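Student: Dumping the structure here so I can ask a few things about it.
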Amino acid sequence: MKTQYNLPCNIAQTLNIIGDKWSLLILHRIFMGCETYKDIQNGLEGIATNLLSERLKTMEADGLIIKELYQTHPPRYKYILTEMGLDLVDVFNSLMLWGQKHLDKCYKEVVHKDCGGSIEHRYYCTCCNKDVGIDELKVIDPVEINE
């Protein structure tokens, strides 16, 4: 059984779902189009087969992926991200952008598909319809709102 954070914090509760070793890398492989067990495993040198199987089962139980039978004899499955799993694209890109900025050796870059230009992360307020700076962000506790 995996260790669970018992903190009233979105980061801690999200890590309870995707914070295990290999989990984000497995999900990213699926996002990049590697849907079969073998394709996922081939891109993750060093992952044990039993660990990959366990992670896929956990991710399915957590609602991040679904498995779909694509061959009956022998039974073989492909793994597909659910809407919840697809919502992690911002996490993948944020981690890659952080790496572009801070790693000594950059392995991948996030660029504009059409022109190859650099991408930057921005925050947008749907109420004001404008970009907001990081110094304009505030994290609130829903309990504070109800008091």
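The values are calculated or read from the model by the stated rules, or taken from the named source; none is laboratory data. What you see is a predicted model, and the numbers here were worked out from it, not measured in a lab. Neighbour counts run over all protein chains shown; Cβ positions are idealised from the backbone, glycine included.
Student: Tell me which residues, restricted to segment 2-34, are under 14 Å from MET59 (Cα atoms) and part of a loop (DSSP other than H, G, I, E, B).
Tutor: Once the filter is applied, which keeps residues that are under 14 Å from MET59 (Cα atoms) and part of a loop (DSSP other than H, G, I, E, B), segment 2-34 yields LYS2, GLY19, ASP20, LYS21, TRP22.
Student: Residues in segment 115-123: is at least one polar (S, T, N, Q) and under 20 Å from the mean Cα position of the chain (by Cα)?
Tutor: No: segment 115-123 contains no residue that is polar (S, T, N, Q) and under 20 Å from the mean Cα position of the chain (by Cα).
Student: If you don't mind, another one. Considering each residue of segment 86-125, count those that are charged (D, E, K, R), closer than 28 Å to ILE65 by Cβ and either touching a residue at least 60 places away in the same chain (Cβ under 8 Å) or part of a loop (DSSP other than H, G, I, E, B) (or both), and give that number.
Tutor: Of all residues in segment 86-125, those charged (D, E, K, R) come to 87, 90, 101, 104-105, 108-109, 113-114, 120, 122.
Applying the additional criterion that residues be closer than 28 Å to ILE65 by Cβ yields 87, 90, 108-109, 113.
Now restrict to residues that are either touching a residue at least 60 places away in the same chain (Cβ under 8 Å) or part of a loop (DSSP other than H, G, I, E, B) (or both): 87, 108-109, 113.
Selection size over segment 86-125: 4.
Student: Please verify whether LYS57 is touching a helix residue (DSSP H, G or I) at 6+ places or on another chain (Cβ under 8 Å), among the charged types (D, E, K, R) and under 19 Å from TRP22 (Cα atoms), treating the condition exactly as stated. So that I can check it myself, show each step before the final result.
Tutor: Values: touching a helix residue (DSSP H, G or I) at 6+ places or on another chain (Cβ under 8 Å): no; among the charged types (D, E, K, R): yes; under 19 Å from TRP22 (Cα atoms): yes.
Considered against the rule, which asks whether it is touching a helix residue (DSSP H, G or I) at 6+ places or on another chain (Cβ under 8 Å), among the charged types (D, E, K, R) and under 19 Å from TRP22 (Cα atoms), LYS57 comes out as no.
Student: What number of residues within segment 126-147 are part of a helix (DSSP H, G or I) and closer than 30 Å to LEU25 by Cα?
Tutor: Result for segment 126-147: 1.
Student: State which residue is nearest to TYR77 (Cα to Cα) when the search covers only segment 13-38 and only residues that are surrounded by fewer than 16 Cβ atoms within 10 Å (Cβ to Cβ) and more than 15 Å from the chain's Cα centre (by Cα).
Tutor: Top of the filtered list is THR36.
Student: Then there's this: Provide a single number: the residues in segment 47-80 that are under 20 Å from GLN13 (Cβ atoms) and either modelled with pLDDT under 95 or surrounded by 12 or more Cβ atoms within 10 Å (Cβ to Cβ) (or both).
Tutor: Going through segment 47-80 one residue at a time, the tally reaches 8.
Student: Within segment 50-85, track down each residue that is assigned to a loop (DSSP other than H, G, I, E, B) and of a type outside the set (Val, Ile, Thr). Working first, answer last.
Tutor: Initially, segment 50-85 is screened for residues assigned to a loop (DSSP other than H, G, I, E, B), giving 62-64, 72-75, 82.
ASP62, GLY63, LEU64, HIS73, PRO74, PRO75 - these are the residues of segment 50-85 that are assigned to a loop (DSSP other than H, G, I, E, B) and of a type outside the set (Val, Ile, Thr).
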